[in-house]
Structures are given as structure tokens and as C-alpha cells.
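Colleague: First the structure, then my questions, so here it is.
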Amino acid sequence: MANQLQSMYANATVPCSVIVIPDSTHNNSVKKAADGTVVPTGVATNAARTRPDPDFSQTTQAQQVAAIAGEYLGVYTNGATGVDLYCNATWAAGDLIMADASGFGIVATSGNYYVGRAQTAGVVGALCPIDVFVGYKV
């Protein structure tokens, strides 16, 4: 079975392939995560709003925005596998991954929520596949 995108409301600008968290100001809304202290909803799609194709570049503004405030956003939630997440620190396959201040993936630390597990080694600045399953690292 293919991964399913959940349609959610973007309550702020959300970049592609970042970790998102719930936002209580609107029903079924999310925003970019700022750290690992809030339970993540999942990972934003890697399809940009103005260029929804696989030629993704985190450094090109027109390509990096998945949704702006008020638009609907595709989010990969629990059970999705091989989901592209922007890597902002090196990690090993099998590491638990949480959000940094930009919503990018880093290795989870104790006392924080993680969004999933790395499928492969993480390369800084690249999209790296993770399996989404939310939890808390003790």
C-alpha cells in the first residue's frame, strides 16, 4: 500500500520536507516544528506549491514552500515509510529523528518527541528517508 498524505490546514508558511506540529488556532491545522518539545503530527510533503515535482531544492525559495498560511498541506503521518525529510545533522540508519529550530531533522535527544526512524545515513543538506512513527525518547 502506498503512503497516504493527510490533508491539513497550514497555519503559517511551511517548507517542504520538514517536521510539522499541531496548531490549535484552526481545526486540523499544522505549522513547522521549532524543536522536539511538542508531539509532531508528521512530515510535510516534498511537493512545492509552485513546483510540485521531484526536482526539489531547499535553497531555491520558489521550490521550498509546501504551503503558505491558509492553504491545505499534505502531511505524512504515522505509518508512512520512506518519507523525505530535510537532514540538518548527520545520523545513522536506525536513529530516532526529531525537529531542530527550523523543523529539519536531527538525532533525537532524551526528553524530546521524535517523528520517526532514519532508513539510511543522514547527509546534511539532503533529503533523507525516514519511517514516520511518533514517540518520546526517554
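Colleague: Could we say that A66 is open to solvent by less than 40 Å² (accessible area, probe 1.4 Å), aliphatic (A, V, I, L, M), at pLDDT below 95 and under 18 Å from N28 (Cβ atoms) here? Walk me through how you get there before you give the answer.
Modeller: Numbers: open to solvent by less than 40 Å² (accessible area, probe 1.4 Å): yes; aliphatic (A, V, I, L, M): yes; at pLDDT below 95: yes; under 18 Å from N28 (Cβ atoms): yes.
It is true that A66 is open to solvent by less than 40 Å² (accessible area, probe 1.4 Å), aliphatic (A, V, I, L, M), at pLDDT below 95 and under 18 Å from N28 (Cβ atoms).
Colleague: So, one more: Go over the candidates G70, G105 one by one and state the one that is out of contact with any Cys (no Cβ under 7 Å at 6 or more places or on another chain) and of a type in the set (G, A, S). Explain how you work it out, then say what you get.
Modeller: Numbers: G105 fails: out of contact with any Cys (no Cβ under 7 Å at 6 or more places or on another chain).
Of G70, G105, the one residue that is out of contact with any Cys (no Cβ under 7 Å at 6 or more places or on another chain) and of a type in the set (G, A, S) is G70.
Colleague: Anything in region 97-122 that is part of a strand (DSSP E or B) and among the hydrophobic types (A, V, I, L, M, F, W, C)? List them, or say none.
Modeller: Step one: list which residues in region 97-122 are part of a strand (DSSP E or B), which gives 97-99, 105-107, 112-118, 122.
The answer is I97, M98, A99, I106, V107, V115, A118.
Colleague: Could you list all residues from region 113-138 that are buried (at least 17 other Cβ atoms within 10 Å of the Cβ) and more than 19 Å from G79 (Cβ to Cβ)?
Modeller: G122, L127
Colleague: Pairs needed: first member in region 96-109, in contact (Cβ under 8 Å) with a residue 12 or more places away in the chain and more than 16 Å from D131 (Cβ to Cβ); second member anywhere, open to solvent by 50 Å² or more (accessible area, probe 1.4 Å) and not in a loop (DSSP other than H, G, I, E, B); C-beta distance under 6 Å; at least 6 residues apart or different chains.
Modeller: Going by the 6 Å Cβ cut-off, the qualifying pairs are G103/K32.
Colleague: What are the residues in region 27-48 that are open to solvent by 70 Å² or more (accessible area, probe 1.4 Å) and either more than 12 Å from the chain's Cα centre (by Cα) or among the β-branched types (V, I, T) (or both), if any?
Modeller: Result: N27, N28, T37.
Colleague: I would also like to ask the following. Somewhere in region 16-37, is a residue among the polar types (S, T, N, Q), part of a strand (DSSP E or B) and modelled with pLDDT of 95 or more? Give the derivation first.
Modeller: First pass over region 16-37, keeping only residues among the polar types (S, T, N, Q): 17, 24-25, 27-29, 37.
Next cut, part of a strand (DSSP E or B) only: 29.
In the following step, the residues that additionally are modelled with pLDDT of 95 or more were identified as 29.
Within region 16-37 (the criterion being among the polar types (S, T, N, Q), part of a strand (DSSP E or B) and modelled with pLDDT of 95 or more), the answer is yes, since at least one residue qualifies.
Colleague: Okay, next question. From the list G94, G125, exactly one residue is of a type outside the set (A, V, I, L, M), assigned to a loop (DSSP other than H, G, I, E, B), at pLDDT below 95 and over 19 Å from I21 (Cα atoms). Which is it? Give the steps one after another, and end with the answer.
Modeller: Values: G94 fails: at pLDDT below 95.
Sole residue among the options that is of a type outside the set (A, V, I, L, M), assigned to a loop (DSSP other than H, G, I, E, B), at pLDDT below 95 and over 19 Å from I21 (Cα atoms): G125.
The values are calculated or read from the model by the stated rules, or taken from the named source; none is laboratory data. Note that the structure is predicted; figures quoted are calculated from it, not measured. Cβ sites come from the backbone with ideal geometry, for glycine too, and all protein chains shown count toward neighbours. Side chains included, ligands, DNA and RNA excluded: accessible areas come from the protein's heavy atoms. Shrake-Rupley method; radii C 1.70, N 1.55, O 1.52, S 1.80 Å.
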